[in-house]
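Inspection log for the structure reproduced underneath, given as structure tokens.
The values are calculated or read from the model by the stated rules, or taken from the named source; none is laboratory data. If you're wondering where the values come from, they're calculated on a predicted model, not measured in any experiment. Neighbour counts are summed over all protein chains in view; Cβ atoms, including those assigned to glycine, are modelled from backbone coordinates with ideal geometry. Please note that ligands, DNA and RNA were not included when accessible areas were found on the heavy atoms of the full protein model with its side chains. Shrake-Rupley method; radii C 1.70, N 1.55, O 1.52, S 1.80 Å.
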Amino acid sequence: MKFLLYTTLSLGILFFTTINGQTIVTDRPDFTESAVTIPSGTVQFEGGVSFDNNNDMNNFTFPALLTRVSLHKSFEVRLGFTGWTYSEEESKTLMNDLILEAKYQLSINPEFPLAILLVSKLPTGSEEISIENPEYGLKLAASHPVADYLSVSSNVGAISIEPNSQRELLYLFSLSMGFTIAERTGWFVEFFTMMPEKRQWQPSIDTGFTYLIGDNFQLDMYAGFGLNNYASDLFGGLGLSYNLKY
């Protein structure tokens, strides 16, 4: 897995060129949410398959589906269905909780787009992995095009969670650099961390590619690893995103 990660980094550096960017803007495959909403009058589907390895135990998840519906040029509602996870620890397939979100684009300035997200998770999954009570919070997403081939994006946020029946805040931070390496191909490198109030931070780094099949259809792949013993040892996935008018 680390070989795949290092190969991805090396290929990105090797083929780096200054060529026009892509059309569809997605919130996958990286952890960082984009700072723009989808085009007005469209619906966007983003999903794929992912795996996570921690303490030599593997989890596989599918379809990790996020459905984004534009209600205004600057506002969208989002329904996330992570789907089912096969857990080696539980030796069975479990259903994940539903996610309900909304995104509002505060700034449409192409030099500094800015968006705010209201996020929530509902206890609708299998008992073994479902949360006890709803979780809710806010994220702020920003980005800046440094050059024709490079953009920098960041998220900060806080989510109210309730592990072990005790309510606490989970702080989030991410920083992502996205490169255009060919007319239809993008590459990103990202650092992100989750910072629970009463537990250890969980920092990680990941990298990946996106490939544009058409103006509204994108494929992606990513891989990453945790930077301490509290984050996932290895993780990665493959996915696709499709935007259509309604």
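The set of residues from the stretch 122-135 being open to solvent by 70 Å² or more (accessible area, probe 1.4 Å) and touching a Pro at 6+ places or on another chain (Cβ under 9 Å) comprises just one member, GLU132. The number of residues in the stretch 90-111 that are of a type in the set (Ser, Thr, Tyr), at pLDDT 95 or above and either in a loop (DSSP other than H, G, I, E, B) or within 20 Å of HIS72 (Cβ to Cβ) (or both) comes to 2.
Condition first: open to solvent by 30 Å² or more (accessible area, probe 1.4 Å) and more than 17 Å from MET194 (Cα to Cα). Can you find one or more residues in the stretch 136-144 that meet it? Within the stretch 136-144, one or more residues are open to solvent by 30 Å² or more (accessible area, probe 1.4 Å) and more than 17 Å from MET194 (Cα to Cα).
Contact map, the stretch 224-246: residues that are closer than 19 Å to VAL25 by Cβ paired with residues that are open to solvent by 40 Å² or more (accessible area, probe 1.4 Å) and outside any strand (DSSP E or B), Cβ distance under 8 Å, separation 6+ or inter-chain. Pairs shown: TYR242/ASN216; ASN243/PRO39; ASN243/ASN216; LEU244/ASN216.
Scan the stretch 233-246 for residues that are open to solvent by 30 Å² or more (accessible area, probe 1.4 Å) and either among the basic types (Lys, Arg) or closer than 30 Å to PRO196 by Cβ (or both) and report the count. Adding up the residues that qualify gives 4.
Do we find that VAL152 is part of a strand (DSSP E or B), open to solvent by 30 Å² or more (accessible area, probe 1.4 Å) and free of Cβ contacts under 8 Å to residues at least 24 places away in the same chain in this structure?
Numbers: part of a strand (DSSP E or B): yes; open to solvent by 30 Å² or more (accessible area, probe 1.4 Å): yes; free of Cβ contacts under 8 Å to residues at least 24 places away in the same chain: no.
It is false that VAL152 is part of a strand (DSSP E or B), open to solvent by 30 Å² or more (accessible area, probe 1.4 Å) and free of Cβ contacts under 8 Å to residues at least 24 places away in the same chain.
Beta carbons closer than 9 Å, at least 6 apart along the sequence or on distinct chains, pair a first residue in the stretch 92-104 that is open to solvent by 80 Å² or more (accessible area, probe 1.4 Å) with a second that is β-branched (Val, Ile, Thr) for THR93/THR85; LEU100/VAL77; LEU100/VAL119; TYR104/THR37; TYR104/ILE116. Just to verify a result, which residue in the stretch 57-82, among those that are charged (D, E, K, R) and outside any loop (DSSP other than H, G, I, E, B), is surrounded by the most Cβ atoms within 10 Å (Cβ to Cβ)? Filtering the stretch 57-82 for residues that are charged (D, E, K, R) and outside any loop (DSSP other than H, G, I, E, B), the one surrounded by the most Cβ atoms within 10 Å (Cβ to Cβ) comes out as GLU76. Checked against the criteria, GLU46 counts as assigned to a strand (DSSP E or B), in contact (Cβ under 8 Å) with a residue 24 or more places away in the chain and charged (D, E, K, R). The selection criterion, being open to solvent by less than 30 Å² (accessible area, probe 1.4 Å), in contact with a Gly (Cβ under 7 Å, 6 or more places away or on another chain) and farther than 18 Å from PHE209 by Cα, holds for LEU172. Of the residues in the stretch 112-129, none is under 19 Å from GLY239 (Cβ atoms) and either free of Cβ contacts under 8 Å to residues at least 24 places away in the same chain or assigned to a strand (DSSP E or B) (or both). Checked against (1) in a strand (DSSP E or B); (2) closer than 27 Å to MET57 by Cα, ALA231 passes all but condition (1). Among the residues making up the stretch 25-56, those that are of a type in the set (Gly, Ala, Ser), under 17 Å from the mean Cα position of the chain (by Cα) and either open to solvent by 20 Å² or more (accessible area, probe 1.4 Å) or more than 14 Å from GLY239 (Cα to Cα) (or both) are SER34, ALA35, SER50.
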